[in-house]
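Below: one structure, written as structure tokens.
The values are calculated or read from the model by the stated rules, or taken from the named source; none is laboratory data. All of these numbers come straight from a predicted model, not from anything done at the bench. Neighbour counts are summed over all protein chains in view; Cβ atoms, including those assigned to glycine, are modelled from backbone coordinates with ideal geometry.
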Amino acid sequence: MRLTLSCQHNDSVLSVDISPDMTLGDFRAYVEAETGIGPLQQVLMHNAQPMTGDSRELNSWGLIEGDMVLLMTRDSVGSQQSAPSAGLPNEALQQIEQMRQRVLNDPVMREGVRRQYPELESVVDDPTQFSQKMIELEQKKQDSERERQEELRRLQNDPDNPENQAKIMELIQQEAISENMNLALEHNPEVFGTVNMLFVNVEVNGQKVKAFVDSGAQTTIMSPECVEHCNLTHLIDKRFSGIARGVGEAKIIGKVHSAPIKIGDGFFPCSFTVMEGKGVDLLLGLDMLKRYQGLIDLKNNKLVLGDCEVPFLPDSEIPAQFQMEEPSASNTNTAAKPNTETSVPSESRGGRTPHADEVVSNLMNLGFSRDESIKALDMANGNAEVAAALLFQGI
């Protein structure tokens, strides 16, 4: 396959014959032999797209007979960052501007960019600075890729070394993770936004309460403080006291067999398990939702019970302990895991920290680190089940 290599550093043009299945790393070595520019100094572009990943074959970029590959040097790219229009093809600049317009016009995408690349989001209103930042980010990405490839080649010089084998696998895994994250950021930027839990305004025995809607909870739960607030303490049947075991343990004080709860314009008799824990005042569980054939309508953002409906609360009205900041890429190494326990709030351990070792261990047994478990318990005021729910949502 014959390609045209346009060398920007000296305005020369070379015709090269290569195999389509040649790797980019081998092609860099070929270019070095022809131009004297070392692989670490080369910036190769095809159709305004940077060519990275030295293990990839050239045909993976869609190269065909007669295509042109642009060769720039790192120094020239760095010197052009103050004036990107002088250093990149018009098509590349147009693509950068198209991306900027997408970020400006798509609030979800902008939120994702803000969380993952805050320095880029901060200049999105300025086309020139945005282009500069895009070039800088791409250059850092290329530098990181070259360093990774150099490290990989060094390790492959002694592939029988067990430590080298483990390191090679780690590098390959990190590359797969990075590509997967970039793919998600490009096609599904909303996954990097914050998703808060579902709350609705209700009235219990005439008292206003913010209820947490949790279809993963087996029973409807009310805290002792909320029972007192709703003037239902005298109705607690302590014969139903006990211990709830899920993620950690929680003390069940008793049960209120029936009390009126107003949701929207309707009244629904409901029973409540009274359980210690300060994570949530009222949790509407599956028992209540199934009894009244509740519908969690996410499309219209409302809870529907028969002919009655009530909107879910906006983020600004959700209790503070349930409002989360999305993590940055530097601390999101835990994959999402399925919940294997029923959602039952656990007993508060008297303050935000420290937390009982048993509770922390139970969360760690689900696959989370100790620091992540403690952070989640702090956010949930010691409520182990709510902490688990937060962890499963990826705090």
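Which residue is nearest to GLY285 (Cα to Cα), if the candidates are limited to the stretch 334-389 and must be at pLDDT below 75 and among the hydroxyl-bearing types (Ser, Thr, Tyr)?
Restricting to residues being at pLDDT below 75 and among the hydroxyl-bearing types (Ser, Thr, Tyr), the top hit is SER343.
Checking the condition assigned to a helix (DSSP H, G or I), out of contact with any helix residue (DSSP H, G or I) (no Cβ under 6 Å at 6 or more places or on another chain) and not β-branched (Val, Ile, Thr), which residue from SER131, SER144 passes? Quick ask: steps written out before the conclusion?
Details: SER131 fails: out of contact with any helix residue (DSSP H, G or I) (no Cβ under 6 Å at 6 or more places or on another chain).
The match here is SER144.
Out of the residues in the stretch 253-279 meeting the condition of being touching a Cys at 6+ places or on another chain (Cβ under 9 Å) and either among the acidic types (Asp, Glu) or part of a loop (DSSP other than H, G, I, E, B) (or both), tell me which one is surrounded by the most Cβ atoms within 10 Å (Cβ to Cβ).
Across the stretch 253-279, the extreme among qualifying residues is GLY264.
When the residues of the stretch 213-266 are filtered to those that are among the aliphatic types (A, V, I, L, M) and either at pLDDT below 90 or not assigned by TED's automatic domain parsing to the domain that holds PRO311 (or both), which remaining residue is nearest to LEU313 (Cα to Cα)?
Of the residues in the stretch 213-266, the ones among the aliphatic types (A, V, I, L, M) are 213, 217, 221-222, 227, 232, 235-236, 243-244, 247, 250, 252-253, 256, 259, 261, 263.
Applying the additional criterion that residues be either at pLDDT below 90 or not assigned by TED's automatic domain parsing to the domain that holds PRO311 (or both) yields 217, 243-244, 247, 250, 252.
Numbers: ALA217: 19, ILE243: 32, ALA244: 29, VAL247: 27, ALA250: 28, ILE252: 28 Å.
Result: ALA217.
Mind checking which residues of the stretch 94-128 are within 23 Å of the chain's Cα centre (by Cα) and either over 26 Å from VAL195 (Cα atoms) or not in a helix (DSSP H, G or I) (or both)?
ASP106, TYR117, SER122, VAL123, VAL124
Scan the stretch 156-190 residue by residue and report those that are farther than 26 Å from ARG115 by Cβ, out of contact with any Asp or Glu (no Cβ under 9 Å at 6 or more places or on another chain) and not β-branched (Val, Ile, Thr).
Once the filter is applied, which keeps residues that are farther than 26 Å from ARG115 by Cβ, out of contact with any Asp or Glu (no Cβ under 9 Å at 6 or more places or on another chain) and not β-branched (Val, Ile, Thr), the stretch 156-190 yields GLN156, ASN157, ASP158, PRO159, ASP160, ASN161, PRO162, GLU163, GLN165, ALA166, MET169.
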